[in-house]
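Inspection log for the structure reproduced underneath, given as structure tokens.
The values are calculated or read from the model by the stated rules, or taken from the named source; none is laboratory data. Owing to the predicted nature of the structure, the values given are computational and were not obtained by experimental measurement. Neighbour counts are summed over all protein chains in view; Cβ atoms, including those assigned to glycine, are modelled from backbone coordinates with ideal geometry. Ligands, DNA and RNA are excluded from the accessible area calculation, which covers all protein heavy atoms including side chains. Shrake-Rupley method; radii C 1.70, N 1.55, O 1.52, S 1.80 Å.
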Amino acid sequence: MISLRCVDKVVGVGDLKFQLHSQKRTFLFRADNTEEKNDWVCCLEKALSDNKNSIESRNLFFKRRSVDFSFEGSLELMSPRIKVYTIMSRDKLYLFKDCEEQFQGVGITDIDMRLALVKDGEKRSFTLTTPYRTFSFLAESESERQRWCDSLNECVSRSLSYDGVCESLWRVASNQQCADCSASMPEWASINLCVLLCEKCAGVHRSLGQNVSKVRSLKLDERVWTDDLIRVFLQLGNAKANTFWGANIPPSESLCVNANDEHRLQHITAKYVQGKYRKYHTLYGHQEELDSALCKAVQSADLLEILTLLHCGADIKCHTGIPEFPTPLSLAKRSGQSAQAELLTQNLNTAESFESVLKDVSIQSHCGYLFKPSSSSRPITEHKNKADFAQRWCCLEGGVFSYYKNDHSNKRGSMKTSEIICLSVNSPGKHVYEHTFELYTDEGRGYLFGADDANTVRNWSKAISMAMLPPALFNVCGPCDRLGRLRCVEGSHGIGWFCLSGFILHVLLENTVQTIDLRKLLSLTLSDSDGSMVLVWRGGTLHVPTDRRPHFVGWQTCIQQKSGSGDQPLSHQQLTELDVPVTVDRCLNHVTRHGLLSPGIYRKNGVNSHITELLKRFHNDARSVSWSELDFSVDDVANTLKRFLREVKDGVLNGQDNAKSWLNAAGLEDKSERIYQYQNLLSNLPIVNQATLKVLTHHLHSVQHLSNENQMTKKNLSIVFGPTLFQNDGKDVKATRVVEELIQNYCSIFNVSESELQRQLNLTTVALNKHKSERPSSKTTSSIICAVYLERIEEGLEVLVQVGANMTAVELVSEVLDHKEVKPTNEDFWSCYEILENVEMDRMLHYSEKVLTVYFSPVLKCNLLVKKNQYISSILKYLGMMENVGKSGTLRVCEVKTERSKNYCSRYCELSGTTFRLHKGLQNSPCEREWPVKELKVYNGYRSKLNSPTPWGITLVHEKRPWYLCCDNEDEFIEWTATFYSIQYDGDIWPSLLVMQSHNS
Ligand SMILES: [Zn+2]
């Protein structure tokens, strides 16, 4: 290593040689041929002249002490055994023969610390491992060694932070290509499978589910990328990882950059889920040997071996046989193998499911005896005796399910698994055989099979569902009660794959699996006339058209049952996103808005018949209940809540046995002991009961907070709610004590900070003011509540904002984002929306609209929401292409006169100039109505009760009368919306964020 900074000149010598002259020494070099020699001389001369012109410091090798920390001293190198003088600077460790040579500009080598791993050795020794070589050193003493190791480690992590994650990982050449399709500069990674991926492949990986592939971005998920994880990827790299994952890819099945989505999914599923191309470990199939090999490998430097073992069946939680370090992970940590430990950690929750998938490969063929009704012509729903069933030998093999009269001869029937559209595992006792399942085929036939034990049915269901379902779904859904495919508007080619297990519905649409908790649906509409279903949940809408084949009725029943029902315990009720029963949530909200200031709230009686009526409606379908203050007084609602809690199966405290434990706790002498017991009992409740108790207590806290107005002190409230929560006659005073102490110690028992409580009390007060409809005077500042919808629902919180009378929507957006510490990027456009109370319709506010005017609008009960604007880029793009703004075409239109009218007629619609015209029928028919566009309010969406034929609806409201326009597809929706906006605001429809940016700049 010669520093060019000490070289004065380069001199050619003859055809092949050249010299470098420094002050003290001359170095002679010889090239292979003249051309090469000339190249060298030329390059060196250029470098020297560049150096002369630079005003950089005179240091020979590094910017010593000028930029950062350095550490230096003598060490002994083990092989060859020589003394070296070592200097650490920035991201490199430099080795010199001695201190003197460094000043002469001559050194031995430098080691890139970004790729290095430091390991303690015995006594005075330690090693530095890099992908190309291992260096072993001896320090002068043990304490010296410790000092060296510490500062080398510090240097490693410091040097990693100099580069972004991308730059660090791409230093390994094979990491510059997607491990699956070879696209260049991949910016994504599967951190458990240890491969870097392009965006497209990452998308497919994500669709396989977290338990198969944990996908993270190199750029966006910075916090994931610890030094250890980076080291795993540097030491393995795509090339090494692929020697395992892709050892046997036949050329015909390899994946290229331009592969289509289907091929990509196929390849990636085969590669990682089915393990079709991987190089199986020689010990594959021998569990004990695999496990002990894993224990050995985690103490070594061989990450590839660990990856291989983990994905060939070694048990990540196996016993090491060492009591102090019982798991491979603890063993890796003990041995100081932090990268190994990281690799294990990333696979902790995934390896199990991998194992089961590997084992399941054998399940794809499955045989055994089952009982089947002997006459298949009768419908399977018809009651049968055990005598009607006959034993059949059944076989699932090569994609065909067959049944035989006896062992493999005398075939009675068969169906291809691709023709099975539904598998239903019945709850025990549905038929005369205790355990049964049903199969339905494409052509509309149903088959019933029974067995004496649950295990047999479970194994069959597993085998059949594996053969039926796309792997992307099978790998996430787990054991199911009912699964199969249904027609649905949003799926690919109009087909969606559905799996129902408990309350959870997994749906595979296009290439992504959606997980829907049916209890948390925003609405579920079953059409009376044809039975088609519309499911609306936070993530979107599903339209399932009716199907006359027999499997469909079963789907309807199951989905309806699992969407929560009123006569069940709390956890089986319809729920909000926060796991609170909808009935409780609605009642609490109503009382919060209308009853906090009402004297004697919760103590005063309501009208009994009203309470019975309202409770009946909640039982029936809590989500769809709406009422006006004229029908039910706030006392009616308060008493409905009390009666609901008093009567609900098992109560809030989950059964009388549990309730007794609470009473016992209340009898304890010591207060802190009581609080401790309450916390304990609370944490043992089911999630839904915990959440319910929490919101209820919070609510009661707010009520007594205003006891000056409503006269309901803690004491009064607890006398009312004691018997309600404990579902008893109220004679036990301990019940009252529990409620009072819950309210009193709300923060400590429910783990809520005082400031959080204060914030919530503020929100309540503001909500109160709003619903007193005190319109703010034009000069003052008001507090308003604005909801924010971030990426995840839990993050979508309410924010309290101080708003001046003239604050515009764009200023509110900026304020709210600041408040939530969201830094908008160039791709995200955030807007403020007006949300109508039923949440299904929203309207993007114009950036210049005055927020307070909208918020305190006397006509509509509305809320404000700030969220990303998913349509604005498409809208701007569309308008950019149009010369004249205007649009016409036929849409399905529905005028809503009553709640349940839903007649859609195709009508010709016309938007031109500043007028919207609705024709009587199709084009050329006379114009029936027309409105000035600027007088319309234009909302996205529609009321789900209308059972819209497609999810792309636009609602026009003029003088409180709504008209619904239904577009056939998203493009059409965007075009109409764009045209409306553009006309309403004279083309000035820049999204809030862009306006903000231009304001700032
Ligand atoms: Zn790729």
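In a loop (DSSP other than H, G, I, E, B), without any contact (Cβ under 8 Å) to a residue 24 or more places away in the chain and of a type in the set (Gly, Ala, Ser) - does that describe any residue in segment 160-180? Among the residues of segment 160-180, not one is in a loop (DSSP other than H, G, I, E, B), without any contact (Cβ under 8 Å) to a residue 24 or more places away in the chain and of a type in the set (Gly, Ala, Ser), which makes the answer no. When Ser252, Ser184 are checked against the criterion of being open to solvent by 50 Å² or more (accessible area, probe 1.4 Å), away from the ligand (no atom under 14 Å from the Cβ) and free of Cβ contacts under 8 Å to residues at least 24 places away in the same chain, Ser252 stands alone in meeting it. Is there a residue being over 24 Å from the mean Cα position of the chain (by Cα), among the acidic types (Asp, Glu) and surrounded by fewer than 17 Cβ atoms within 10 Å (Cβ to Cβ) anywhere in segment 565-588? The answer is yes; a qualifying residue exists. Among all residues of segment 142-151, there is none that is touching a residue at least 60 places away in the same chain (Cβ under 8 Å) and within 16 Å of the ligand (Cβ to nearest atom). If a residue has to be open to solvent by less than 40 Å² (accessible area, probe 1.4 Å), closer than 14 Å to Gly484 by Cα and under 36 Å from the mean Cα position of the chain (by Cα) to count, how many in segment 429-464 make the cut? Counting residues in segment 429-464 that are open to solvent by less than 40 Å² (accessible area, probe 1.4 Å), closer than 14 Å to Gly484 by Cα and under 36 Å from the mean Cα position of the chain (by Cα) gives 8.
Please find, within segment 187-233, the residue that is nearest to the ligand (Cβ to nearest atom) out of those that are of a type in the set (Lys, Arg) and under 22 Å from Asn260 (Cα atoms). Out of the qualifying residues, it is Lys200. Looking only at segment 360-379, residues that are modelled with pLDDT of 60 or more and of a type in the set (Ser, Thr, Tyr) come to 4 in all. Going through (1) within 16 Å of the ligand (Cβ to nearest atom); (2) touching a residue at least 24 places away in the same chain (Cβ under 8 Å) one by one, Arg114 falls short only on (1). Of all the numbered requirements in (1) at pLDDT 90 or above; (2) buried (at least 18 other Cβ atoms within 10 Å of the Cβ), Arg623 misses one, and that requirement is (1). Report whether or not Arg223 is under 21 Å from Val156 (Cβ atoms), part of a helix (DSSP H, G or I) and free of Cβ contacts under 8 Å to residues at least 12 places away in the same chain. So Arg223 passes the test.
For segment 154-181, the set of residues classified as at pLDDT 85 or above and either open to solvent by 60 Å² or more (accessible area, probe 1.4 Å) or within 16 Å of the ligand (Cβ to nearest atom) (or both) consists of Leu169, Trp170, Ala173, Ser174, Asn175, Gln176, Gln177, Cys178, Ala179, Asp180, Cys181, listed by residue number.
For segment 526-546, which positions are over 24 Å from the mean Cα position of the chain (by Cα) and either among the β-branched types (Val, Ile, Thr) or surrounded by 18 or more Cβ atoms within 10 Å (Cβ to Cβ) (or both)? Hits for segment 526-546 are Ser532, Met533, Val544, Thr546. Within segment 234-249, being polar (S, T, N, Q) and more than 16 Å from the ligand (Cβ to nearest atom) holds for Gln235, Thr243, Asn248.
Every listed requirement among (1) at pLDDT below 90; (2) within 16 Å of the ligand (Cβ to nearest atom) is met by Tyr284 save one, (2). Kindly indicate the residue of segment 255-272 that is open to solvent by 60 Å² or more (accessible area, probe 1.4 Å) and part of a helix (DSSP H, G or I) and also farthest from Phe474 (Cα to Cα) among those meeting that condition. Across segment 255-272, the extreme among qualifying residues is Asp261.
Entry remark, segment 1-21: residues being part of a strand (DSSP E or B) and of a type in the set (D, E, K, R) number 3 in total.
So is Ala293 farther than 23 Å from Ser338 by Cα and either open to solvent by 10 Å² or more (accessible area, probe 1.4 Å) or within 15 Å of the ligand (Cβ to nearest atom) (or both) or not? Against the criterion (farther than 23 Å from Ser338 by Cα and either open to solvent by 10 Å² or more (accessible area, probe 1.4 Å) or within 15 Å of the ligand (Cβ to nearest atom) (or both)), Ala293 does not qualify. Does Thr780 qualify as being at pLDDT below 70, open to solvent by 20 Å² or more (accessible area, probe 1.4 Å) and farther than 30 Å from Asn664 by Cα? Criteria met by Thr780.
The single residue among Ile611, Ile601 that is surrounded by 22 or more Cβ atoms within 10 Å (Cβ to Cβ) and touching a Gly at 6+ places or on another chain (Cβ under 9 Å) turns out to be Ile601.
The residues of segment 632-656 that are open to solvent by less than 10 Å² (accessible area, probe 1.4 Å) and hydroxyl-bearing (Ser, Thr, Tyr) amount to a single one, Thr640.
Would a scan of segment 514-521 turn up a residue that is farther than 22 Å from Arg623 by Cβ and either crowded, with 23+ Cβ neighbours inside 10 Å or in contact with a Ser or Thr (Cβ under 8 Å, 6 or more places away or on another chain) (or both)? Looking for residues that are farther than 22 Å from Arg623 by Cβ and either crowded, with 23+ Cβ neighbours inside 10 Å or in contact with a Ser or Thr (Cβ under 8 Å, 6 or more places away or on another chain) (or both), one finds none in segment 514-521, hence no. With respect to the stated conditions, Leu196 is buried (at least 18 other Cβ atoms within 10 Å of the Cβ), modelled with pLDDT of 85 or more and in a strand (DSSP E or B). For first residues located in segment 312-326 and crowded, with 18+ Cβ neighbours inside 10 Å, partners that are assigned to a loop (DSSP other than H, G, I, E, B) and lie 6+ apart or on another chain with Cβ distances below 7 Å form the pairs Cys312/Tyr280; Cys312/His281; Cys312/Tyr284; Gly313/Tyr284; Ile316/Leu348; Thr320/Pro326; Thr320/Thr327. Checking Glu883, Glu837, Glu821 one by one, the residue that is open to solvent by 80 Å² or more (accessible area, probe 1.4 Å), modelled with pLDDT under 80 and either under 30 Å from Ser925 (Cβ atoms) or touching a Ser or Thr at 6+ places or on another chain (Cβ under 7 Å) (or both) is Glu883 and no other. The single condition from (1) at pLDDT 85 or above; (2) buried (at least 21 other Cβ atoms within 10 Å of the Cβ) that Arg147 fails is (2).
Going by the structure shown, is Phe503 at pLDDT below 85 and not basic (Lys, Arg)? It is false that Phe503 is at pLDDT below 85 and not basic (Lys, Arg).
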